[in-house]
Each structure stands twice: as structure tokens, then as C-alpha cells.
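Each remark here refers to the structure printed beneath this line.
Read the figures in this text as sums done on the coordinates, not as results from a lab. In this text, all values refer to a predicted model and were calculated from it rather than measured experimentally. Cβ coordinates were reconstructed from backbone atoms using ideal geometry, including for glycine residues, and neighbour counts include every protein chain displayed.
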Amino acid sequence: MQKLPTVTSLRAFEAAARLGSFTRASEELYLAQSAVSRQVRGLEDQLGARLFDLIRQRIVLTQAGRAYLEEIRPILAHLEAASTRVSARAKGVQLIEMATLPTFCSRWLIPRLPRFYSEHPQASIRLTSKFDPFSFDAEPFDIAIHFGTPDWTGTRMHHMFDERMIAICSPDFLRRHNIRSDADLAAAPLLHLSLRRTAWVDWCTQLSISTRNAYSGWLCDQFSMLTEAAVAG
């Protein structure tokens with residue numbers, strides 16, 4: 001049987017790959033830069049494959065490095081989750097690993113956590129942002145909150161509630177564009193969330209409004225950026 005790499009070498013490689021720097025990886029892991037570099041070199045020697053190339057004083061993953069990183073990330077995540085879970089149980093804590101959408105988490109879930117903790121003082125929740133469905137076999141989660149169609153294979157789903165779509169804008173935006181109806185708003189410059197590109201089309205369709213302008217406007221990849229842009233007019 002081939003000797004397995006140490007957890008230290010795998011963590012050094014993963015941190016260096018994620019951060020793109022041995023120096024930043026050493027700061028995160030509280031190791032000397034030379035120690036991180038030595039761990040990665042030892043891992044490369046053990047695997048018989050080069051994981052990084054040095055290009056213009058930057059470390060860049062090789063094809064083998066990218067493939068290896070994709071394989072070991074879930075393993076390290078499972079190892080960390082299992083260790084945390086065992087440690088929590090030893091202390092009488094019930095650990096719940098939850099994946100959720102970031103804006104839903106901050107606006108809906110977190111304000112309700114104090115009541116949950118008051119009713120379940122032995123529980124501890126670890127929240128992680130996830131936008132897309134994933135395999136529970138490959139990810140260390142117990143539960144996930146997801147928006148979309150109920151077609152997440154290999155899971156047991158529970159419907160929480162439906163979405164209510166409301167178009168909003170700032171008072172200044174309302175005045176500048178002389179908006180007096182839903183149709184006026186649909187014809188004005190629009191803001192879009194990259195993960196919900198059809199939101200304005202869906203809204204216009206529900207109200208039997210022309211969708212001609214539904215894809216124009218600014219595009220943001222975070223809901224928090226979108227709301228700030230709307231407030232700013």
C-alpha cells in the first residue's frame with residue numbers, strides 16, 4: 001500500500017492553491033513560509049508529480065495540481081467536519097452543518113437563530129454559503145436551504161414557503177424616470193442578479209407587461225450589491 005500524504009502537507013497545498021501564495025498560506029496556517037514550501041515539495045516528491053509552476057514570481061497550479069486539488073478538498077472538508085463533530089459530541093453539543101444562500105441567511109435565518117438557540121441550547125450551527133445543489137455524499141453538510149425547483153436528487157425536501165416578487169426603487173429614481181405604473185418601471189433601467197437572470201422576465205410575464213426591456217441594465221453577482229444599487233438610485 002502506498003504511503004498516504006500527511007494532513008499537514010495536504011493543508012499546505014490546499015491553502016497555497018486557494019490563496020495563490022506560499023506566504024499567504026503560511027500566514028493562514030501559522031507556519032513559516034519555508035515550512036509550507038517544504039511541505040508542498042515533499043508532497044510533490046511523494047506523488048511523483050509537479051503541482052505548481054512558478055510563473056513571473058507567482059505559483060500557478062499545473063493540470064495535475066488542479067485535478068488533485070479538486071479531489072482532496074472534499075476529503076479535507078469531511079475530515080474537519082468529522083473532527084469537529086466528534087469534539088462537539090464529547091462536550092455535549094449537537095453540531096448542525098448547514099448550507100444556505102448568503103442573503104437568505106443574513107436577512108431571514110440569522111434573526112431567527114436566537115429563538116432557536118433559546119429552545120435548543122445544546123445545538124450549535126455552522127453556516128456555509130452555497131448557491132447550487134451539491135452531493136451530500138461529497139460535502140459535509142447535514143441540511144441545506146435552497147431556492148429553485150424541487151429536483152435535488154438524492155435528498156428529502158421540505159417546502160418552506162413560496163417567493164413573493166416585489167419591484168422596488170428609490171424615491172429619487174421614481175421621480176427621475178417619471179414612473180407612474182408597473183409598465184413605466186419595466187421600461188426603466190433595471191438591476192439584475194446574475195443568479196436570477198429571468199427575474200424581471202418572470203415579473204413582467206406575471207403582470208402581462210412587455211418583456212422587451214427585461215434583460216437590459218446592470219448586472220450584479222451579490223444580492224447585497226443589488227439592494228445597495230437600488231437604494232442609491
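Just checking the listed ones, Phe116, Phe136, Phe13: in the Gaussian network model of the chain with Cα springs under 10 Å, the one fluctuating most is Phe116.
Go through 18-27, 63-72 and give me the packing order, highest mean Cβ count within 10 Å leading.
Ranking, from highest mean packing down: 18-27, 63-72.
Each Lys and Arg adds +1 at its Cβ and each Asp and Glu adds -1 at its Cβ; summed about the Cα centre, the chain shows a dipole of about 440 debye. Summary value for the chain: 12 percent relative contact order, contacts being C-alpha pairs under 8 angstrom separated by 6+ residues.
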